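Structure first, then comments.
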Amino acid sequence: MPPDEDKLPQQQIDLLRQWIAEGAEWPGQMNDEVAFTADEMPWSFQPVVRPSVPDEHEQNPVDAFLLKKLRKKSLHFSKTASPATLIRRASIVLTGLPPTPEAVHHFEQACETDADSAYISLVEQLLASPHFGERWAQHWLDVIRW
C-alpha cells in the first residue's frame with residue numbers, strides 16, 4: 001500500500017471504479033479478430049489427441065516416449081540409482097537434510113523385498129515430516145523476501 005500522504009484523490013478513485021464497472025477496456029484491446037490456420041493454432045486451442053505409445057519396451061509409457069527421443073540423439077537413460085542414492089536424493093530435495101544412517105539402512109532393507117513400495121513409503125514419510133514444511137516454508141519466505 002502507498003503511504004497515506006501519497007493517497008490518490010477521491011476523484012481519481014471514482015474514475016478508476018467507473019472504468020472497472022464499464023469493463024476495464026484498454027484502448028486498442030481486442031478490437032481485431034485473430035484468425036489462425038490449422039498449422040498456426042496454439043496448442044492450447046487444439047483438441048486433445050492421445051498419441052500411440054512407442055514400442056520401446058519400457059515399464060512406463062512416459063519412459064517409452066522419452067527413450068524414443070533419446071535414441072534419436074544416440075543417448076540413453078542413466079543407470080538405476082542405488083537405494084542409498086535414492087533416499088539421499090529424496091531426503092535432500094524434500095527436507096533439505098541428509099538421511100540418517102539408520103534411515104538409509106532401513107530403506108535398503110525395505111528395497112530388498114519391494115523397492116516400489118519402499119520408495120512410496122519413504123516419500124510419504126518425508127512429506128509428513130515437519131522438516132518438509134520447514135524447508136518449503138523457508139523457500140517461499142525467501143521468495144517473498146521475508
Please report the relative contact order for region 33-100, taking Cα pairs under 8 Å with a sequence separation of at least 6, and give it as a percent rounded to a whole number.
-> 13 percent
For Ala24 and Gln138, FRET efficiency with R0 = 41 Å and r from the beta-carbon atoms, rounded to 0.05?
-> 0.60
Taking 0.36 nm per intervening residue step and subtracting the Cα-Cα distance, what contour gain separates Val62 from Ala115 on full extension?
-> 17.1 nm
Summing Lys, Arg as +1 and Asp, Glu as -1, what charge do residues with Cβ under 14 Å from the Cβ of Ala90 carry, Ala90 excluded?
-> 0
Note, ³J(HN,Hα) from phi for region 67-74, Karplus 6.51, -1.76, 1.60, rounded to Hz, x at Gly and Pro | 5, 4, 5, 4, 5, 4, 9, 6
Report, in degrees rounded to the nearest 10, the 0 to 90 angle that the Cα long axis of helix 130-143 makes with the longest principal axis of the chain.
-> 40 degrees
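Kindly provide the helix-only [θ] at 222 nm of the chain, computed as the sum of -39,500 (n - 2.57) over DSSP H runs of four or more divided by all residues, to the nearest 500 deg cm²/dmol? Could you put the intermediate results ahead of the total?
On the way: 6 runs with 78 residues, N = 146.
One gets -17000 deg cm²/dmol as the mean residue ellipticity at 222 nm.
Work out, step by step, the length gained on full extension between Glu33 and Phe77: first 0.36 nm times the residue separation, then minus their alpha carbon distance; give nm to one decimal. Display every interim value, and only then the final one.
Details: separation 44, 0.36 × 44 = 15.84 nm, distance 4.63 nm.
Gain on extension, Glu33 to Phe77, equals 11.2 nm.
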Are there GluC sites (Glu not before Pro) in region 34-86 that DSSP puts in a loop and that have at most 12 other Cβ atoms within 10 Å, and which ones?
-> Glu40
Computed on Cα atoms, the radius of gyration and Dmax of region 60-134 in angstrom are 15.0, 44
Counting other Cβ atoms within 10 Å, which trypsin sites (Lys or Arg not before Pro) in region 38-125 have at most 10 and lie in a DSSP loop?
-> Lys73, Lys79
If we sort 131-140, 14-23 on the protection proxy, mean other Cβ atoms within 10 Å, highest first, what's the order?
-> 131-140, 14-23
If you average the sequence gap of Cα pairs under 8 Å that are 6 or more apart and divide by the length of region 1-121, what percent do you get for the contact order?
-> 10 percent
Could you work out how far apart the two model spin labels at Leu15 and Arg145 are, taking each label as a point 7 Å from the Cα in the direction of the beta carbon, and quote it in nm?
-> 3.0 nm
Find the Cα radius of gyration of the chain, compare it with 2.2 N^0.38 Å by division, and give the number to two decimals.
-> 1.83
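None of the figures in this text is laboratory data; all of them are computed from the coordinates on show. Computed from a predicted structure; not experimentally measured. Cβ atoms come from the backbone with ideal geometry, glycine included; neighbour counts cover every protein chain shown.
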